[in-house]
Amino acid sequence: FLLHSCTLEGETARASVIKDAGDDPDVTNGAEIIAVVSRNAAGEGEDSVEIKAGFGVGTVTKPGLSIPVGEPAINPVPRQMIREAVAEAISEMTDSSVEPVRLVVTISVRKGEELAERTLNRRLGIIGGLSILGTTGNCPTGLGQGLDRHH
C-alpha cells in the first residue's frame, strides 16, 4: 500500500494507508487504516512494543478466538508483522548502547465501527469495531476465506 498520510509531531508519528482489497473485496476495501506510534514511559528492561486498539478496531469479548478476551481484535500475524516492522525501525534509528525503546502502536480504522455492523464480528465476540485479520495479502482457504469476506 502507498502512504495516504504521514505526520510527525513531537515524539508521535502517525501514518495511514487506504486498504485495497484487490480481487477479493470485503467491507474494509477503501478504508483508511491508521497507525500512531508514541513512546511508552511505562515498563523496564528491553525494547518493547505494546499494540492497542484505537477507534474503529474491535475488542475481543468471548473466548475461543486466537486473541485473549479483553485484547484488541488484531490477530497474531498482523501483531507479529507490526512488532517486526517496529523492531527493524528501532534498530536502524538507535544505538543499542542507549536505554531501551518502549513504544505504543495504536491501530485505528476510520469508520470501523460503522463497517463492523456489516460483518460477523459481534456474533464472534468482537465489539466496537473491525478485527484486523491481516495475513500475507492472500485470502486463506476454507472457513478463513469466508470470514475474511465478512470481516
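Values in this text are rule-based calculations from the coordinates and carry no lab data. Just so it is clear, the structure is predicted and the values come from calculations on it, not from any experiment. When we count neighbours, we look across all protein chains shown, and the Cβ atoms used for this are built from the backbone with ideal geometry, even at glycine.
Please list, ordered by chain and number, the residues whose modelled amide H lies under 5 Å from the amide H of K52; skip anything fewer than 5 residues away on the same chain.
HN-HN under 5 Å from K52: V105, T106, I107.
Sort T119, T61 so the one with the fewest other Cβ atoms within 10 Å of its own Cβ comes first.
Result, fewest neighbours first: T61, T119.
Net charge within 12 Å of A89 by Cβ-Cβ distance, Lys/Arg positive one each and Asp/Glu negative one each, not counting A89 itself?
-3
Which aspartates and glutamates, on any chain, are close to K19 with Cα under 17 Å apart, when same-chain ones fewer than 8 places away are left out?
The reachable aspartates and glutamates, counting only those whose Cα sits under 17 Å from K19, are E32, E113, E114, D148.
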